[in-house]
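Structure, as structure tokens:
Read-outs: derived from the displayed coordinates by stated rules, not from any lab. Note that the structure is a prediction, hence the values are computed from the model and not measured. Quick reminder, even Gly has a Cβ in these numbers, built from the backbone with ideal geometry, and neighbours come from all protein chains shown.
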């Protein structure tokens with residue numbers, strides 16, 4: 001009953017004309033971003049974040065979330081038509097989607113991708129709506145030791161699944177913690193790691209690091225090559241995009257599989273939509289009577305991963321909104337956005353800001369309907385975006401990045417920092433250091449330090465408080481176990497297999 | 001990236017991170033570790049500094065144990081293009097103070113289109129002027145987002 005009342009409240013918020021408009025802008029931008037290879041949702045959300053500071057927070061979070069899940073819809077288009085994933089979550093869609101397109105079935109492939117995304121995306125929002133409130137209630141009993149343990153566990157899971165080398169992933173997370181420490185310590189007013197620069201006394205803005213590491217580094221990597229890929233013909237007319245009844249029948253289990261796997265993996269920090277889509281594809285293949293045909297253009301091979309990567313969004317918002325723990329680079333940026341607008345995601349987020357939470361949930365139902373409409377009849381139009389020359393696109397990304405950073409503080413110093421973090425992001429990619437743990441370390445760093453110091457103040461300096469309380473002891477034990485996984489041959493082989501597919 | 005580059009990168013990035021870890025430990029040593037009111041400003045940095053140092057040493061040692069790297073050679077062309085883009089962007093940021101955003105961004109765009117993508121000069125000039133004007137109209141005029149201003153006043 002409480003959930004239904006919340007949902008009604010949410011629809012009242014989401015159906016306000018301004019919020020509907022921002023929802024449309026978000027899903028439209030998300031679709032375009034998803035279609036464009038080399039421009040992902042974290043980079044786009046990071047670039048646009050500064051521009052939302054003057055917006056109504058409800059409209060702003062609705063728009064940013066729209067970009068997040070909209071990109072998952074758009075990502076399939078390039079996978080199917082060009083064999084180039086628009087974003088990492090659509091990598092596996094290339095396997096059967098492109099083969100279908102080569103056989104002249106690009107229309108049904110694009111159509112089933114949109115339908116599966118809609119079905120599973122809606123199930124994911126349903127899961128978010130049902131699961132988030134009880135988790136938030138449970139987390140109300142958490143104190144500083146539990147929060148420290150929870151953040152450590154979240155970071156450990158992201159480290160585990162972020163890159164082949166756990167040492168490099170850990171180092172990236174620790175550097176993120178270090179960047180978060182730069183500036184004035186709020187407990188003692190000591191200035192830390194400021195290199196004598198006045199500008200660093202207030203710390204390094206999250207937006208600067210996120211735009212540098214994601215957007216700038218992405219442009220630099222994409223600028224390495226000059227070659228352009230070929231686009232297969234896009235079928236015109238809604239009739240040619242609709243899958244047949246047999247196609248839909250073949251995909252029944254794929255819809256369910258994608259919805260459930262996507263949500264569960266999403267709710268797990270570090271899981272992410274790429275792993276969700278691969279797990280769902282693997283399960284679909286394992287149970288299919290025609291498993292030997294997978295990879296040659298089987299429609300379930302498109303429906304399962306596309307469903308999973310959309311359902312994952314709903315799952316990923318559960319720990320973010322109820323515990324304040326992001327599980328990926330993109331949700332870390334969403335966390336920063338909420339904090340910058342003056343909100344504190346956590347157990348009290350839903351009771352204190354029901355309009356924002358339920359408005360977001362309701363907007364996601366609406367956004368999924370918008371995306372279905374946008375992605376079925378309008379796919380041929382969106383595919384034209386791929387014809388935009390890259391020599392126009394990349395300077396535009398660089399320009400928006402610079403304007404975004406400058407608009408935060410009006411400081412040229414921040415633009416210099418942007419250059420530094422852009423170069424750092426590029427080097428990290430070249431040297432195989434994952435960027436998600438760095439961003440997560442930065443997003444969680446201040447909170448982790450605060451929780452640890454408050455815990456030790458509670459216990460008069462005794463570290464045993466972290467293991468004396470059952471919930472924090474269990475979570476810390478899990479965190480340690482997670483980091484020990486690479487030492488166990490079979491478990492590590494599973495981890496590496498999951499990452500190879502990423 | 002190429003295997004050989006990544007492997008030698010492990011060594012150099014490990015050394016750089018070890019230096020960073022050492023720097024953090026030295027700095028943290030100058031701040032209070034534990035005071036009467038609980039942990040001080042040096043408490044948390046000291047621990048992650050030690051972890052950075054230990055992990056980077058582990059990275060270096062495991063690289064040295066593996067021996068010399070075999071694999072594809074570094075593609076200097078690709079690396080050069082990426083770093084040239086970064087350099088062009090850095091020059092453009094340096095020009096913000098004297099020239100302002102609009103002119104600097106037009107120059108950056110021109111450089112990318114004409115030099116990096118070797119498009120005709122007219123195409124490059126048109127793209128540069130159109131994108132710079134677009135940014136000015138959308139951000140400065142329509143959205144009221146301030147852009148860096150140069151001596152010419154825009």
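Quick look at the values:
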| read-out | value |
| --- | --- |
| Per-residue Cβ neighbour rank within 10 angstrom, fewest leading, A:47, A:487, A:55, A:100 | A:487, A:55, A:100, A:47 |
| Other protein chain Cβ atoms within 10 Å, averaged over every residue that makes up B:77-84 | 5 |
| Rounded tilt (10° steps) of A:435-458 against the dominant C-alpha axis of chain A | 30 degrees |
| Mean projected area in nm² (Cα convex hull; one quarter of hull surface) for the range B:76-143 | 4.8 nm² |
| Average other protein chain Cβ within 10 Å of Cβ, residues B:86-96 | 5 |
| Overall form of chain B per C-alpha gyration tensor (a/c, 1.5; a/b vs b/c) | oblate |
| Values of log10 I(q)/I(0), in the order q = 0.17 Å⁻¹, for the range B:3-66 under a Debye, Cα-only, solvent-free model | -0.59 |
| Helix A:144-162 axis, angle to chain A major axis (alpha carbon atoms, nearest 10°) | 40 degrees |
| Value of relative contact order over chain A, rounded to a whole percent, pairs C-alpha under 8 Å and six or more apart | 29 percent |
| Inter-label distance for residue A:462 and residue B:118, nm, one decimal - labels placed 7 Å from Cα along Cα-to-Cβ | 7.2 nm |
| Highest-first arrangement of A:210-221, A:345-356, where packing means the average Cβ count within 10 Å | A:210-221, A:345-356 |
| Relative contact order (percent, whole number), the range A:396-473, Cα cutoff 8 Å, 6+ residue spacing | 11 percent |
| FRET efficiency estimate (nearest 0.05) - Cβ-Cβ, residue A:201 to residue A:355, R0 35 angstrom | 0.50 |
| Sequence-separation-based contact order of the range A:290-382, relative, with Cα cut under 8 Å and 6+ spacing, percent | 17 percent |
| Whether the protein assembly as shown is rounded, prolate or oblate, judged on the alpha carbon gyration tensor where a/c under 1.5 counts as rounded | rounded |
| Proxy reagent accessibility, fewest Cβ within 10 Å first, across A:168, B:65, A:72, A:103 | B:65, A:103, A:168, A:72 |
| Segments A:172-180, B:14-22 sorted - mean Cβ within 10 Å per residue, highest first | A:172-180, B:14-22 |
| Neighbour-count ranking [beta-carbon atoms within 10 angstrom, fewest first] of A:141, A:76, B:13, A:117 | A:141, B:13, A:117, A:76 |
| Relative packing of B:36-45, A:3-12, B:137-146, which averages over residues the other C-beta atoms within 10 Å, highest first | B:36-45, A:3-12, B:137-146 |
| Cα gyration tensor shape of the range A:87-150, rounded if a/c is under 1.5, else prolate or oblate by comparing a/b with b/c | oblate |
| Helix B:76-94 vs. chain B, principal-axis angle (Cα, 0 to 90°, nearest 10) | 70 degrees |
| For residues of A:425-432, the mean tally of beta carbons on other chains within 10 Å | 5 |
